[in-house]
Amino acid sequence: MILEIRMNIVIFLGVAIVSYYLMAIVQTVLHRDYGHKKRITAVFHAHAIGHHGLYNRHKLQTEEFEDCESHALNYYGIPVIAFAVFIYLYFGPLVMFAHLTGVFATFRWHMYLHEHYHLIDSPLDRFAWFRKKRRLHFVHHRDARYNFAVVEFWIDNLMGTRRES
């Protein structure tokens, strides 16, 4: 019984971590391929026109974060739900729940940091890791050909799109 519980914990954590990083890769690729190209008009307008228009190279930060693209996240829902059903059918509820936990963690962490990148007085400013990630993100706002990742910038290394500040 205790061994089974430990194995379930290991499986849960392993699947959640793998799912987190896979979704970070998916988000980065979709950001590059849909957020800055007119393949899905609503996503392109929300991100490239809306978000980059609001937070342009002359105004990267505001007192309060202004969300002008949250509806674009709805496009992630269809493949996430379809994949979760597939996982449930083939691997069961534990693995599906672990996968969805990793997916949720990816989205929430990305959204949270992204909002704070654009705040003038973020409580995260005291951390060097945060300031570095924000500098990399602002490179993307100055030149949208680089740094498509929001949190995991090693993915831009893999895609050849990373540029230091």
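Can you tell which of Val10, Val95 is of a type outside the set (Gly, Ala, Ser), farther than 27 Å from Arg162 by Cα and buried (at least 17 other Cβ atoms within 10 Å of the Cβ)?
Going through Val10, Val95 in turn, just one is of a type outside the set (Gly, Ala, Ser), farther than 27 Å from Arg162 by Cα and buried (at least 17 other Cβ atoms within 10 Å of the Cβ): Val95.
Answer with yes or no whether Trp154 is over 16 Å from the mean Cα position of the chain (by Cα) and among the aromatic types (Phe, Trp, Tyr). Outline the logic, then answer.
Working: over 16 Å from the mean Cα position of the chain (by Cα): no; among the aromatic types (Phe, Trp, Tyr): yes.
Spelling it out, it is not the case that Trp154 is over 16 Å from the mean Cα position of the chain (by Cα) and among the aromatic types (Phe, Trp, Tyr).
For Ile78, work out the one condition from (1) free of Cβ contacts under 8 Å to residues at least 40 places away in the same chain; (2) under 15 Å from the mean Cα position of the chain (by Cα) it doesn't fulfil.
That leaves (2) as the condition not met.
Within the stretch 122-131, does at least one residue satisfy the condition of being closer than 16 Å to Gly35 by Cα, out of contact with any Gly (no Cβ under 7 Å at 6 or more places or on another chain) and among the basic types (Lys, Arg)? Please lay out each step first, then the result.
Filtering the stretch 122-131 for residues closer than 16 Å to Gly35 by Cα gives none.
Checked against the condition, which is being closer than 16 Å to Gly35 by Cα, out of contact with any Gly (no Cβ under 7 Å at 6 or more places or on another chain) and among the basic types (Lys, Arg), the stretch 122-131 yields no hits at all.
Tell me, yes or no, whether the stretch 100-119 has at least one residue that is in contact (Cβ under 8 Å) with a residue 40 or more places away in the chain, surrounded by fewer than 14 Cβ atoms within 10 Å (Cβ to Cβ) and more than 27 Å from Phe12 (Cα to Cα).
Checked against the condition, which is being in contact (Cβ under 8 Å) with a residue 40 or more places away in the chain, surrounded by fewer than 14 Cβ atoms within 10 Å (Cβ to Cβ) and more than 27 Å from Phe12 (Cα to Cα), the stretch 100-119 yields no hits at all.
Quickly run through the stretch 53-67 and pick out the residues that are in a loop (DSSP other than H, G, I, E, B) and either surrounded by 12 or more Cβ atoms within 10 Å (Cβ to Cβ) or under 19 Å from the mean Cα position of the chain (by Cα) (or both).
Listed by number, the residues that qualify are Tyr55, Leu60, Gln61, Phe65, Glu66, Asp67.
Is the stretch 68-87 home to any residue that is at pLDDT 95 or above, surrounded by 13 or more Cβ atoms within 10 Å (Cβ to Cβ) and either charged (D, E, K, R) or part of a helix (DSSP H, G or I) (or both)?
Yes - at least one qualifying residue is present in the stretch 68-87.
Are there any pairs, at least 6 apart or on different chains, whose C-beta atoms fall under 7 Å, with the first in the stretch 45-59 and in contact (Cβ under 8 Å) with a residue 24 or more places away in the chain and the second among the basic types (Lys, Arg) and surrounded by 12 or more Cβ atoms within 10 Å (Cβ to Cβ), and if so, which?
Qualifying pairs under 7 Å: Arg57/Arg142.
Could you check Phe130 against (1) under 17 Å from Tyr20 (Cα atoms); (2) under 16 Å from the mean Cα position of the chain (by Cα); (3) without any contact (Cβ under 8 Å) to a residue 40 or more places away in the chain; (4) surrounded by fewer than 18 Cβ atoms within 10 Å (Cβ to Cβ) and say which number it fails?
With (1) under 17 Å from Tyr20 (Cα atoms); (2) under 16 Å from the mean Cα position of the chain (by Cα); (3) without any contact (Cβ under 8 Å) to a residue 40 or more places away in the chain; (4) surrounded by fewer than 18 Cβ atoms within 10 Å (Cβ to Cβ) applied to Phe130, the lone miss is (1).
The values are calculated or read from the model by the stated rules, or taken from the named source; none is laboratory data. The shown structure was predicted, so the numbers you read here are calculated from the model rather than taken from an experiment. Glycine also receives a Cβ, built like all others from the backbone with ideal geometry; neighbour counts cover every protein chain displayed.
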